[in-house]
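Data block below; observations after.
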Amino acid sequence: EKALFIVVGQLNKGSPLMTDAQQRIQLAGLNLQAAQKSKSLAAFVPEAFYLNTGINLLDKASWADEYDLFLQLYVSCAEAEYCIGNFDEMNKKLEAVFGHARCLDDKLVSFFTLVNALFAQGKGHQASEAGLLVLSQLGESFPTYSDIKSIIVVEYAKAKQMIGDKTDEEIVTMKAIDDDHKIAAMRLMFILAHTSFLTSRDVYALIVLRMVQTSLNHGICDECAFGFAAFGALMSSLFKDISGGYRFGQLSLRLLDRAKSKKCLPGVYAVVYTFIHPFLDHYRASLEPLEYAYNTGMRCGNISFAMSAVCQYCIHAFYCGEELATIQTMITKYGKIMIEHNQGQ
C-alpha cells in the first residue's frame, strides 16, 4: 500500500520526460490504482489528484484507443471532485463522460454524481428532474402531474399486499437482485428519495414505495435497507401505523448487515432514528447512531446524507436539553464542514 504511493509519486515526478505512449498509459493505470486506494481510506483530495494526474498523462484521443481506462478515470474523478465540493472540475469531467460514453450503462455512475451534486448545490428540483428522466430510461417511470395522493394510497396498499404474511426472516433472506438495471434504478431511487423529500413529499412517497415493490419483486441489494426504512417512516407518519413502522425500521437495520458496503448506512440511520425511533424511544437514544451515521457518511463519500444525519444530531441534542452554548458550538463546527464541502441544501 505505502509502496504504491511512493512508486506512483516518483514516476509522476518523472512523467514530463516520458515520451513512450505505452509507458504513459501504464502510469495512468497506476494513478488509477492509487486513487482507488485513496478512496478506500476516505482521502478524497489525494484521490482527485491521482485521477487528474492520470487523465493529464493521456492524449485526449485515447478515448478511442484506451476507452475503459479513460472512462474509469473520468467517472471516478467526477465523483471525487463532488466529494470535495469542487463542482466546476466535476462538471468538466461529467461533460467528457456524457460526450464520449458509448451507452447508458457507462453513464449511470456519472448520472448518480450529477444528481447528488445538484442537490448539494441547492438545486433540488433540477436534481429530481434529471434523476426521474434517467429512471424512465431504466424502466421506472413516475407520474408527476396526476392525482399523486390517490396513487400513493393505491401503491401503499399494493406494497402491503405484496408483503402479505411474509416474516422478517423471509424478507431478509430473499435472493440478491441479478438485474443490473434494477440495481442501478434502486441506487438512483435511493439518491432521489433524499432530494424529493425536500422538493416533493408526494414524489418521495412514490419513490419509497417503488423501492419496496422492486425489492419484493426482484430481490435484495444494498439500497433495499433504505427502502424499507423509509417505508417504515411512511407507515409511522403518514399512515399512523407506529408498530408497523417500527417493524420495518428494525428490518432495515438487519438488511444493512447484508449490504456489501456502508454507503447506505447514513441514510438508513437518518431515517430510522429521526422518523421511527422517537415514537417509541427517547431522543437521547438516537444521538450515538446519528453521530455514527455522520462519521460513516463522511468516510464513504455519502456527504449529503452525512450532513442530514448531523443536522438531526444537533436538533435531537437540543431536544435532550443540552446546554445552548454546547449546541451552538456543534452547529458552528458542522456548519463550517458543510461550507467546506459546498453543501448548499
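Annotations for the structure displayed:
- Heavy atoms of the protein chains alone define the surface here; on that basis the chain has 47 Å² accessible area per residue at 1.4 Å probe size.
- Residue ranking by accessible heavy-atom surface, 1.4 Å probe, largest first, among SER40, SER150, SER76 comes out as SER40, SER150, SER76.
- Comparing Cα centroids, region 198-257 and region 121-189 end up 10 angstrom apart.
- Rounded tilt (10° steps) of 303-319 against the dominant C-alpha axis of the chain: 40 degrees
- Solvent exposure ordering (accessible area, 1.4 Å, most first) of SER15, SER146: SER146, SER15
- Square roots of 5 times each gyration tensor eigenvalue, C-alpha, region 129-178, largest first, Å: 27, 18, 6
- Peptide ranges 193-202, 261-270 listed from the most packed, as the mean C-beta count within 10 angstrom indicates: 261-270, 193-202
- The coefficient of translational diffusion for region 150-235, derived via Stokes-Einstein from the alpha carbon Kirkwood radius under 10 °C and 1.306 mPa s, stands at 123 µm²/s.
- Debye equation applied to the C-alpha atoms of region 178-287, log10 I(q)/I(0) at 0.11, 0.20 Å⁻¹: -0.30, -1.01
- For the chain, the spread of Cα coordinates along the three principal axes comes to 68, 50, 37 Å, biggest extent given first.
- For region 185-241, the percent of C-alpha pairs falling in each 10 Å distance bin, counted from 0 to the bin holding the largest distance, reads 27, 57, 16.
- Ordering of 289-301, 107-119, 90-102 by packing [mean C-beta count within 10 Å, highest first]: 107-119, 289-301, 90-102
- Surface composition of the chain: carbon plus sulfur atoms contribute 54% of the solvent-accessible area (1.4 Å probe, protein chains only, all chains present).
- Take each peptide in 231-239, 275-283, count the other Cβ atoms within 10 Å of every residue, and average; sorted highest first, the result is 231-239, 275-283.
- Whole-number D in µm² s⁻¹ for region 225-265, Kirkwood Cα-pair radius fed into Stokes-Einstein, 20 °C, 1.002 mPa s: 214 µm²/s
- Proportion of all alpha-carbon pairs of region 45-121 beyond 13 Å (%): 62 percent
The values are calculated or read from the model by the stated rules, or taken from the named source; none is laboratory data. Predicted, not measured: the structure shown is a model, and the values here were computed from it. Cβ sites come from the backbone with ideal geometry, for glycine too, and all protein chains shown count toward neighbours. These accessible areas exclude ligands, DNA and RNA; they are computed on the full protein's heavy atoms, side chains included. Shrake-Rupley method; radii C 1.70, N 1.55, O 1.52, S 1.80 Å.
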